[in-house]
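Everything on this sheet refers to the single structure shown next.
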Amino acid sequence: MNLSQPILIISVIYFLSSVNTQAQVLNVEKFRMDADTSNVWAGNLSLGFDITKRSKQTLQLNNESDLVYLSRVHAFMLINDFTVVKVGESISNEGYIHFRTTFYRKKIFAPELFTQYQYSQDWGLSERILFGGTFRYMVHSSDTFSASVTSGTMYEYERWAPENAANITKKVIKSTSSANIRGEITPTLTLLLMGYYQASFSDFLRPRLIGDLNLQFTISRYLKFSAGFNIVHDAKPVKGVQSWTYELKNKLIITL
């Protein structure tokens, strides 16, 4: 991985102290099944410093904003994440915008629709556009613990321009499934585990696997600190792109 020793030590300290790559999911899972919550706006704003391993070692500055509206029946979520990346001596950027609607959010079975736009110059991903739908099954929900699974279908369009490889365009319909666990370890410490399985129907046993391990520490009513670990394995990467990637992410979150 060619990480220098000081950076590696700092990363391990951050990882062991607090882990969270997607704090907006914590808020969504917390409010999704709350029968007493309706007609409410909620949001986060976060800033962070990251270390990433994709095709090269990188240093990142990250900012993220999340906005959730909960009506009496449905939930609407807008998630934005933009990053400036230093790769060696060059600087690039990456980001995504994700919009999701959960219908009948208080039900055990809840349909969802989503769409996303994503790009990553470091990764060689010029753009990824996807949209689809899933059904969410809430296995358990309480104030301190929740578990859910989802399954559905999405359409994915990608344009890749990897370094030292030909440009590639991909269009595919995929199955997408996930398992999510959120647990409150203490009143100020929350754990989130997420796993995703995404694969084309014609080659279902060669998926894209995504795993997130997250902890979030509450400093005050309006301020939280998080760090996180995310790993991705693509069994069918485009030429010039690594099949394994990982990400360490640390940030301060302002809760609105």
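Things worth noting here:
- Measuring between their Cα centroids, the stretch 111-159 and the stretch 193-256 lie 12 Å from each other.
- Stretched out straight at 0.36 nm per residue, the stretch from residue 127 to residue 39 would grow longer than its current Cα-Cα span by 28.2 nm.
- Percent of alpha-carbon pairs separated by more than 20 Å within the stretch 152-238: 52 percent
All of the numbers you see were taken from the coordinates with simple rules; none came from a lab. Bear in mind that the values here come from a model prediction, so they are computed numbers and not experimental data.
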